[in-house]
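*Asks:* The structure under discussion is supplied below as structure tokens; questions concerning it will follow.
The values are calculated or read from the model by the stated rules, or taken from the named source; none is laboratory data. These numbers come from a predicted model, not from an experiment. A quick note on method: Cβ atoms are made from the backbone with ideal geometry, for glycine too, and the neighbour counts reach across all protein chains shown.
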Amino acid sequence: MTHIIQSLKTLSGNLWWSWDTEAKELFKEHSPLIWERVNHNPVELLRHISNDELNARLDCEYGEKLDRVMERFENYLKAEDTWASRNAPSLTEKTVAYFSAEFGIHESVRIYSGGLGVLSGDHIKSASDLGLNFAGITLFYKEGYFRQFLNQDGWQNEDYPLQYPESLPLEKVTDAEGKDLVISVNIAQSEVFAQAWSLNVGRAKLYLLDTNIPANESHYRDICSRVYGGDQNMRINQEIVLGIGGIKLLKALGIDTAVYHMNEGHSAFLTLELMAEELARGVELQEAKQRVRDKCVFTTHTPVPAGHDRFSRDMMHYTFDKYLQRTGIAFDDLMTLGAENPSDLNGLFTMTVLALNLSRSANGVSKLHGEVSREMWQHIFSASTPDEVPIGHITNGVHMPSWGSGLTDKFWKHYTDSLDALTASPESAAEVLSKVSDEAIWCLRYRLKRNLIDFVFRYLSNQLFHQHVYTRYLEDDSSKSSKNPLSPDVLTIGFARRFATYKRAPLIFSDIERLTRIISNPTMPVQLIFAGKAHPHDDAGKHFIQQIVEHAHRPQFKGKIIFLENYNLGVAKRMVSGVDVWLNNPIRPMEASGTSGQKTALHGGLNFSVPDGWWPEAYNGENGWSIGTGKVFENHEEQDRHDAEQLYDVLENQIIPTYYDRNANNIPVKWIKKIRNAIMTIGPVYNTHRMVSDYTLKYYLKD
Ligand SMILES: *Cc1c(COP(=O)(O)O)cnc(C)c1O
């Protein structure tokens, strides 16, 4: 008994459980209800369940399962023969330090906002799986990113429930004497202090800096309150804590770092601290820069010039004054490092430029984004053609064990020992698929879609309930909440992501009459599920949400178009596994990579996307559908009209007829052929094991 509790506590202290289906079930089986209520947080769950209760629920099967999981967990932690030991042995000794402003590891740890965070989370998990010595650095946001709820007008409201370290698997980082480890950074004329937490992610560690301690003046305690919260001033302060504070933390911990990876420009101030360390050793400036460059690699994620972090000269002067005095770096030297035009130091300081100037390699996150980035930064490198710009690309992927878990995981394990067989190579995936009948695949699809629909029903009931209580608007709609509107027999399309306007969430509503005909076709109906958050300052994004919610309440769309509140990793997992088609219609080439579509493959979902980000590399004509050919118009309205037209055409002429084209057993054979093709071509390539091994061989290992 005590060993059972001890084992469960041990498991809850390492997020490894979140990508092991059986480990997850161990927690869920105690009480599915509490499990849901605590947002799938095992630390909280264990606090809610007494020993007696635990005892009463246990049966011997549970004990056996627990033993199995514990053995797997322990073997995982101590494995010596790993991909890294075989391919990058030096990086099993020295540490890869990976800096990111957000990490999306699991929905219960709310320190992420969107795709960048999910990518960091999937990166650290694969780094652990591959056996790299790997440390992530980020901030501890006590309010996280906001929780979204809609008011009676379909307008997004935000609230910020607190998350407490003691409710999370966080450990306080201490020094050799067991005291809280505290580092400090200079901001303006002040010294700002930060303590640190650590989080176990398999074999990797994630460190989270936290300024919310009594040693700080009150306005500095809030630096880490919210993910991307506050104004420019808050942003620069966060970035100082992340970059400069992060380096100080690594140093205080005595971590021997092989390479510093800046995931996006937010952390680029870390280069200044590395430079200051060199200057303090008496190295002169040019040489110091070179030494920093030798240790840093940079990944850019933003194909839009306006999307890059920039700070005014005044703000830089104000914020860095004391830091520069202490380190002896001249203000103009600092401004030169971040200047797009080094002969004009009155311009803005651009974090991406700092990162490009002080890293030995730089990359975009898809082939297309690499091209766009080379064009965008040509002037920084004084290159005569984009081809000469030293920015490469590594296309993003997803951590398949995290995104393929649950029913899907069990399904595949019926045919193969491990999901790895599906993602290792197209050949090994083909071999697994050869054992699986069309009927079995269709059965999996049905079960996954049913699961999603059940989830939507429960979720929506809550959502309508609170809207119903607080509003009159939905009262005439209350009958809806008593019956499940969605059907597993209907072709189901999902769209969920941040509501940044370039992603054009309402594009499919461009022609309401045509959409009505499509959705209401009695023999070949379609249903749509939307979710997504707009940044709290993004009113245009909030208008998009409102438009969709208003459309969803039109009589002809009621119960056929659904908007789910509060998109997060948990909702994402349900959606990507359940829907038949995953829709993505950004303005090309503004989607650097996008990853949500990659999450659908193992579940038998199919992508329907503008040829942007990762999709032009992956699409082969048989593994999903493309919206248009990527034709670019000068005028945004013209672009929208063209892309919407293409979207409807493909939907009406290809997607819907293929889905409803059935054999004598009511199986859509051609559709399933596409599913097989998608699994074979997407699973083995667009995963983070491939991605992290590419980073390791191409950028982390120094030749
Ligand atoms: C995967 C994911 C994203 C990224 O989606 P895109 O395809 O890049 O738009 C954002 N948010 C959550 C919660 C996700 O799971």
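*Asks:* Check region 295-312 and report whether any residue there is assigned to a strand (DSSP E or B) and in contact with a His (Cβ under 6 Å, 6 or more places away or on another chain). Spell out how you get there, then give the answer.
*Replies:* Step one: list which residues in region 295-312 are assigned to a strand (DSSP E or B), which gives 296-299, 310-311.
So of that shortlist, the ones also in contact with a His (Cβ under 6 Å, 6 or more places away or on another chain) come out as 297.
Yes, region 295-312 contains a residue that is assigned to a strand (DSSP E or B) and in contact with a His (Cβ under 6 Å, 6 or more places away or on another chain).
*Asks:* Restricting the search to region 103-140, which residues are aliphatic (A, V, I, L, M) and within 12 Å of the ligand (Cβ to nearest atom)? Let's see the steps before the verdict.
*Replies:* First, the residues of region 103-140 that are aliphatic (A, V, I, L, M): 105, 109, 111, 116, 118-119, 124, 127, 130, 132, 135, 137, 139.
105, 116, 118, 119, listed by residue number.
*Asks:* Now, a different point. Return the only residue of 394, 441 being of a type in the set (A, V, I, L, M) and within 16 Å of the ligand (Cβ to nearest atom). Walk me through how you get there before you give the answer.
*Replies:* Details: 441 fails: within 16 Å of the ligand (Cβ to nearest atom).
On inspection, the qualifying residue turns out to be 394.
*Asks:* Out of 521, 566, report the one residue that is at positive phi and either in contact with a helix residue (DSSP H, G or I) (Cβ under 6 Å, 6 or more places away or on another chain) or surrounded by fewer than 20 Cβ atoms within 10 Å (Cβ to Cβ) (or both). Show your work before the answer.
*Replies:* Values: 521 fails: at positive phi.
Within the list 521, 566, the selection yields 566.
*Asks:* Report yes if residue 596 is among the small types (Gly, Ala, Ser), within 14 Å of the ligand (Cβ to nearest atom) and within 25 Å of the chain's Cα centre (by Cα), otherwise no.
*Replies:* Details: among the small types (Gly, Ala, Ser): yes; within 14 Å of the ligand (Cβ to nearest atom): yes; within 25 Å of the chain's Cα centre (by Cα): yes.
Here the answer is yes, as residue 596 does meet what is asked.
*Asks:* Here's something else I'd like to know. With respect to the numbered conditions (1) of a type in the set (Val, Ile, Thr); (2) buried (at least 17 other Cβ atoms within 10 Å of the Cβ); (3) touching a residue at least 40 places away in the same chain (Cβ under 8 Å), which one is the sole condition not fulfilled by residue 610?
*Replies:* Only one criterion is unmet by residue 610, namely (3).
*Asks:* What are the pairs, 6+ residues apart or on separate chains, where a residue within region 319-343 that is small (Gly, Ala, Ser) has its Cβ under 9 Å from a residue that is in a loop (DSSP other than H, G, I, E, B) and modelled with pLDDT of 95 or more?
*Replies:* These pairs meet every condition: 338/268; 338/348; 339/348.
*Asks:* Can you name the number of the only condition in (1) without any contact (Cβ under 8 Å) to a residue 12 or more places away in the chain; (2) outside any loop (DSSP other than H, G, I, E, B); (3) closer than 23 Å to residue 312 by Cα that residue 230 fails?
*Replies:* (2) is the only condition that residue 230 fails.
*Asks:* Ok, one more. Looking only at region 143-158, decide whether some residue is buried (at least 24 other Cβ atoms within 10 Å of the Cβ), assigned by TED's automatic domain parsing to the domain that holds residue 276 and more than 16 Å from the ligand (Cβ to nearest atom).
*Replies:* Kept after step one, since they are buried (at least 24 other Cβ atoms within 10 Å of the Cβ), are these residues of region 143-158: 145, 156.
Subset that is assigned by TED's automatic domain parsing to the domain that holds residue 276: 145, 156.
Still in the list and also more than 16 Å from the ligand (Cβ to nearest atom): none.
No, region 143-158 has no match at all.
*Asks:* Give the residue, chosen from 583, 569, 602, 606, that is over 24 Å from residue 373 (Cβ atoms) and near the ligand (Cβ under 10 Å from one of its atoms). Spell out how you get there, then give the answer.
*Replies:* Values: 583 fails: near the ligand (Cβ under 10 Å from one of its atoms); 602 fails: near the ligand (Cβ under 10 Å from one of its atoms); 606 fails: near the ligand (Cβ under 10 Å from one of its atoms).
Every option except 569 fails the conditions.
*Asks:* Taking only region 315-340 into account, find how many residues are closer than 22 Å to residue 231 by Cβ and not in a helix (DSSP H, G or I). Let's see the steps before the verdict.
*Replies:* Within region 315-340, the first condition is being closer than 22 Å to residue 231 by Cβ, and the residues that meet it are 315-323, 334-335, 338.
Next cut, not in a helix (DSSP H, G or I) only: 338.
Residues in region 315-340 being closer than 22 Å to residue 231 by Cβ and not in a helix (DSSP H, G or I): 1 in total.
*Asks:* Regarding region 240-255, can at least one residue be identified that is crowded, with 24+ Cβ neighbours inside 10 Å, in a loop (DSSP other than H, G, I, E, B) and not polar (S, T, N, Q)?
*Replies:* no
*Asks:* With surrounded by 15 or more Cβ atoms within 10 Å (Cβ to Cβ), within 28 Å of residue 558 (Cα to Cα) and in the same structural domain as residue 665 (by TED's automatic domain parsing) as the only criterion, which of 455, 465 stands out? Break it down into steps so the answer makes sense when it comes.
*Replies:* Working: 465 fails: surrounded by 15 or more Cβ atoms within 10 Å (Cβ to Cβ).
Step by step, each of 455, 465 is checked, and only 455 is surrounded by 15 or more Cβ atoms within 10 Å (Cβ to Cβ), within 28 Å of residue 558 (Cα to Cα) and in the same structural domain as residue 665 (by TED's automatic domain parsing).
For (1) within 30 Å of the chain's Cα centre (by Cα); (2) farther than 17 Å from residue 242 by Cβ; (3) modelled with pLDDT of 95 or more; (4) outside the structural domain of residue 350 (by TED's automatic domain parsing), each residue gets a yes or a no:
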| residue | (1), (2), (3), (4) |
| --- | --- |
| 260 | yes, no, yes, no |
| 271 | yes, no, yes, no |
| 278 | no, yes, yes, no |
| 288 | no, yes, yes, no |
| 293 | yes, yes, yes, no |
| 311 | yes, no, yes, no |
| 317 | no, yes, yes, no |
| 329 | no, yes, yes, no |
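*Asks:* Given the options 362, 429, name the one that is buried (at least 22 other Cβ atoms within 10 Å of the Cβ), touching a residue at least 60 places away in the same chain (Cβ under 8 Å) and within 24 Å of the chain's Cα centre (by Cα).
*Replies:* Working: 429 fails: within 24 Å of the chain's Cα centre (by Cα).
Within the list 362, 429, the selection yields 362.
*Asks:* Specify the residue that is nearest to the chain's Cα centre (by Cα); the eligible residues are those in region 211-226 that are touching a residue at least 24 places away in the same chain (Cβ under 8 Å) and surrounded by fewer than 23 Cβ atoms within 10 Å (Cβ to Cβ).
*Replies:* 226
*Asks:* Can you tell me which of 343, 359 is under 17 Å from residue 300 (Cα atoms) and either modelled with pLDDT under 95 or assigned to a loop (DSSP other than H, G, I, E, B) (or both)? Walk me through how you get there before you give the answer.
*Replies:* Values: 343 fails: under 17 Å from residue 300 (Cα atoms).
After applying the criteria, what remains is 359.
*Asks:* Tell me yes or no: at least one residue of region 628-641 is within 16 Å of the ligand (Cβ to nearest atom) and either in a helix (DSSP H, G or I) or free of Cβ contacts under 8 Å to residues at least 60 places away in the same chain (or both). Lay out the reasoning, then the answer.
*Replies:* Start the filter on region 628-641 by keeping residues that are within 16 Å of the ligand (Cβ to nearest atom), which leaves none.
Checked region 628-641: no residue is within 16 Å of the ligand (Cβ to nearest atom) and either in a helix (DSSP H, G or I) or free of Cβ contacts under 8 Å to residues at least 60 places away in the same chain (or both).
*Asks:* Restricting attention to region 402-422, and to residues there that are in a helix (DSSP H, G or I) and in contact with a Lys or Arg (Cβ under 8 Å, 6 or more places away or on another chain), which single residue is surrounded by the most Cβ atoms within 10 Å (Cβ to Cβ)? Steps first, answer last, please.
*Replies:* Residues of region 402-422 that are in a helix (DSSP H, G or I), as a first pass: 402-403, 407-413, 420-422.
Remaining after also requiring in contact with a Lys or Arg (Cβ under 8 Å, 6 or more places away or on another chain): 402-403, 407.
Details: 402: 23, 403: 28, 407: 17.
This residue is 403.
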